[in-house]
Amino acid sequence: MYYYVVFFSVMVIAIVVCMFMVSVMKQHKKVLKWQQARIAAEISTLESDRKRIAGDLHDELGPILSGIQLQINHLEPANQSEAEVLEKSSKQIDGVIQRFREISYNLLPNTLVRKGFVKATEEFISKLKTLHSLKIEFTAVDFTLPPEKQLNMYRVVQEIIQNTIKHANANVLVININKTPQSLILQTKDDGIGFSYNEKTQMAKGVGLLSLQSRAELLGGQLNVDTEPGHGTRFEIEIPLLQ
C-alpha cells in the first residue's frame, strides 16, 4: 500500500511539473509573438516616417532650394567680390541639394520600389564607391519576395555596409545571396578588425546589431554572427521562402 501511495504521489508531482512546463512554454511563445509584433509595428512606423520624410525632402524642400539657386544664378554682381560670394553661395546650395537627394534616396530608394532588391542594392553600392574606400563585392541570385520583405532585406544589407564602413576598418566586404529550394541565404564577410559580440550587444553601441536581429526575425530567419577581435566579421541570415 505504501508503494502505491508513493507511486501515485510521484505521478501527481510529475503531472503537475509537466503542466507547469507546458504553461511556461506557452507563455514564452506568447511573449515572443508579442515582442515580434511590437518590433514589426515599430519598424513599420519607422518605414512610414522614412517614406514621409523622403517625400517632404523631394517634393517640398528640393524645389525650394532649386528655386533659390536659380535666383542666385540670375543675380548680376556689382563687382568681383560680389561675384565670388554668389559663386560660393551657388556651390554651397549645389552641395545641399545633392545631400538632400542622398538622404532622400537612403530613406526610400525609388529603385527598390521599381526594380526590386538586387538592382537597388547594386545602385546603393555604386553610389558608395565615390564616397568610401571600402571595396564591396556583391552577388545575388534571382528571387521573389513580398515588397515588405525586400525592404527589410535591403535595410539589413544597408546596415551591415554602414557598420562595416564606420567600425570595421576593413578593405573588402563580400556580400552573397544564394538560394535553396526552401530558403534564401544572405552571407557577408569582411577583413576588418572584428569585435566581441557579447560585449557589443550589452552596450548602447550594439543597437545596430539588435536592429539586424529584429529585421532577421521579421524575415522569418535568425541572424548568425561569427566574429572576434582581429579576425573580421561574418553575418548569415537564412530566410524561408515558403512562409
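The values are calculated or read from the model by the stated rules, or taken from the named source; none is laboratory data. Please read these numbers as outputs of a predicted model, since none were measured by experiment. Note that each Cβ is placed from the backbone with ideal geometry, even for glycine, and that neighbours are counted across all protein chains shown. Heavy atoms of the whole protein, side chains included, go into the accessibility calculation; ligands, DNA and RNA do not. Shrake-Rupley method; radii C 1.70, N 1.55, O 1.52, S 1.80 Å.
Would you check if there is a residue in the range 195-212 being assigned to a helix (DSSP H, G or I), open to solvent by less than 70 Å² (accessible area, probe 1.4 Å) and over 21 Å from residue 231 (Cα atoms)? Checked against the condition, which is being assigned to a helix (DSSP H, G or I), open to solvent by less than 70 Å² (accessible area, probe 1.4 Å) and over 21 Å from residue 231 (Cα atoms), the range 195-212 yields at least one hit. Against the test of being farther than 26 Å from residue 181 by Cβ and without any contact (Cβ under 8 Å) to a residue 12 or more places away in the chain, the options 126, 133, 104 yield a single qualifying residue, 126. Just one residue in the set 173, 151, 112 is in a strand (DSSP E or B), in contact with a Leu (Cβ under 7 Å, 6 or more places away or on another chain) and aliphatic (A, V, I, L, M); that residue is 173.
Here is a check on your reading of the model: is residue 145 at negative phi, assigned to a loop (DSSP other than H, G, I, E, B) and surrounded by 14 or more Cβ atoms within 10 Å (Cβ to Cβ)? Yes: the conditions hold for residue 145.
You will find that of 93, 68, 125, the residue that is surrounded by 11 or more Cβ atoms within 10 Å (Cβ to Cβ), within 21 Å of residue 156 (Cβ to Cβ) and modelled with pLDDT of 75 or more is 125 and no other.
For the range 150-175, taking the residues that are closer than 16 Å to residue 131 by Cβ and within 11 Å of the chain's Cα centre (by Cα), the one that is most open to solvent (accessible area, probe 1.4 Å) is identified as 162.
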